[in-house]
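See structure below.
Please treat every number below as a calculation from the coordinates, not as lab data. Keep in mind that this is a model prediction, so the values were computed, not measured. So basically every Cβ, Gly included, is an ideal-geometry build from the backbone, and we count neighbours across all protein chains shown.
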Amino acid sequence: MTQREHDDQPSLFGSVPERRSREARLSRRNPPPLPVDRPRRPVEFQELWDIDQVADYLGVPKQTIYTWRTTGYGPRGFRVGKHLRWHAATVIQWTLGLESEQ
């Protein structure tokens, strides 16, 4: 049976897809490498922020965060050894709470 005769034969499964070359199959298995300067990932729910990240997010100086902490105002943070940390979700919830109070 020639290739042309084979193509004219009916199939139980409809048309049969053409076979891809070996190179095409291998290129699909190995995706291209990620760029080195790719953007930062989205904020994770349990990601920890330091004082600089909290101050940057809220748009206030670091000293304001320290003052808020001593007066009991602001998002609730905690110590990890000698370092202050905040859950990103806690800071975001606190800002949303401020917005809903107004």
What are the ³J(HN,Hα) couplings of segment 60-75, residue after residue, when phi is run through the Karplus curve with 6.51, -1.76, 1.60 and θ = phi - 60°? Round to Hz, x for glycine and proline. 10, x, 4, 4, 4, 4, 4, 5, 4, 5, 6, 9, x, 9, x, x
In sequence order, what are the phi-derived ³J(HN,Hα) couplings for segment 87-102 according to the Karplus relation 6.51 cos²θ - 1.76 cosθ + 1.60 with θ = phi - 60°, rounded to whole Hz, with x for glycine and proline? 6, 4, 5, 5, 5, 5, 4, 4, 5, 5, x, 4, 5, 6, 6, 8
How far apart, in nanometres, would the label points at residue 50 and residue 79 be if each is projected 7 angstrom from Cα along the Cα-to-Cβ direction? 1.8 nm
Residue 49: net charge of surrounding residues, Cβ under 10 Å, Lys/Arg +1, Asp/Glu -1, itself excluded? -3
With Cβ to Cβ distances under 15 Å as the rule, what net charge do the other residues near residue 95 carry (K, R +1; D, E -1)? -2
